Amino acid sequence: MTLSPDDHILGWIGPLPINATIAYTWLVMAILVTCSYLVTRRLNDSVRISRWQNLLEILVSGLSEQIRQTSRQEPGPYLPFVGTLFLFIATANLLAVVPGFSPPTASLSCTTALALAVLAAVPLFGIAQRGLLAYLGEYIKPSVFMLPFNIIGELSRTLALAVRLYGNMMSGSVIGIILLGIVPLFFPILLQFLGLITGLVQAYIFAVLAMVFIASAQAARNDRTPNPGD
């Protein structure tokens, strides 16, 4: 039993090993790109639309509304990034029910890469919204002595993002393998169903937390405390 798809080597490209994490990450990306092309190539604004366009509009509307409620800003600039995070994680987690597929989100290297993408996006959105000096000034508030603590805070929440997603997905896979050996019929099926729900929940949590971090980078620290009257 391997605890991570990193340990499963599928092949080699010269001296470079291709493990299950790399292969299945590219597979998920290929599925998303292909589905996106097939769904969006015949978009129309008529009354009668395809069921796939209807599903796409529901998904985009739901993500947009969630971003609006989380950040209290228009979702336009953030929807591509946050939506991509959600779709990638959700697709990878849902494909875990396919025999032989190892979700890349069960690898710490994959979840770390996703968390690093959020770490890079936070200052980019913050600087774009507030300017370089105003954004960097938040790291020395209320005192310059807070600089190392604020930097540690940024890094620790990035680590928490990566470990949370990895831990939930990896533990689900391990428990499924154990139950398959003990009770080979009923419990594994039930666990797979619960795993689908958990995978969607984890994708939602990761995307929402990413939006929370981005929104916090765009607001002054004095404005981050919610008004009790809101």
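The phi-based Karplus calculation (6.51 cos²θ - 1.76 cosθ + 1.60; θ = phi - 60°) puts the 3J(HN,Hα) values of segment 145-152 at 5, 7, 4, x, 5, 5, 5, 4 Hz, whole numbers, x for Gly and Pro.
Simple spin-label estimate for residue 18 and residue 109 gives 1.4 nm between the two label positions (7 Å along the Cα-to-Cβ direction from each Cα). Karplus-derived 3J(HN,Hα) values for segment 67-76, using 6.51 cos²θ - 1.76 cosθ + 1.60 with θ = phi - 60°, are 5, 5, 6, 6, 9, 6, 9, 5, x, x Hz; glycine and proline are entered as x.
Computed from label points 7 Å out along Cα-Cβ, the spacing between residue 34 and residue 47 is 3.6 nm. Which shape class applies to segment 5-223: rounded if a/c is under 1.5, otherwise prolate when a/b exceeds b/c and oblate if not, where a ≥ b ≥ c are the square roots of the Cα gyration tensor eigenvalues? Oblate, because a/c is 1.5 or more while a/b does not exceed b/c. Across segment 162-171, coupling constants 3J(HN,Hα) worked out from phi with the 6.51/-1.76/1.60 Karplus curve, θ = phi - 60°, read 5, 5, 4, 5, 4, x, 5, 6, 5, 5 Hz, and Gly and Pro carry x.
Close amide H contacts of residue 10 (hydrogens built in the peptide plane, cut-off under 5 Å, sequence separation of 5 or more or a different chain): 18, 19, 20.
Over every Cα atom in segment 1-75, the radius of gyration and the widest Cα-Cα span, Dmax, amount to 19.0, 55 Å. Note on residue 146 and residue 65: with the Förster distance fixed at 30 Å, the Cβ-Cβ geometry gives a FRET efficiency of about 0.30.
Let me know the whole percent of all Cα-Cα pairs from segment 70-122 that are separated by more than 17 Å. Across segment 70-122, Cα pairs with separations above 17 Å total 46 percent. If R0 is 45 Å, the Cβ-Cβ spacing of residue 97 and residue 134 corresponds to a FRET efficiency of close to 0.45. Of the peptides 162-168, 137-143, the order by per-residue mean of other Cβ atoms within 10 Å, starting with the highest, comes out as 162-168, 137-143.
With a cut-off of at most 10 other beta carbons within 10 Å, and DSSP calling the residue loop, which trypsin sites (Lys or Arg not before Pro) in segment 9-69 qualify? Please list them. When the trypsin sites (Lys or Arg not before Pro) of segment 9-69 are filtered for loop state and at most 10 Cβ neighbours within 10 Å, 41, 42, 48 remain.
Once a ≥ b ≥ c are taken as the square roots of the eigenvalues of the Cα gyration tensor of segment 6-129, is the result rounded (a/c under 1.5), prolate (a/b larger than b/c) or oblate (a/b not larger than b/c)? Verdict is oblate for segment 6-129.
Throughout, read-outs are computed from the coordinates displayed, never taken from laboratory work. Please read these numbers as outputs of a predicted model, since none were measured by experiment. Methodologically, a virtual Cβ is constructed for each residue, glycine included, from the backbone with ideal geometry; neighbour enumeration extends over all protein chains shown.
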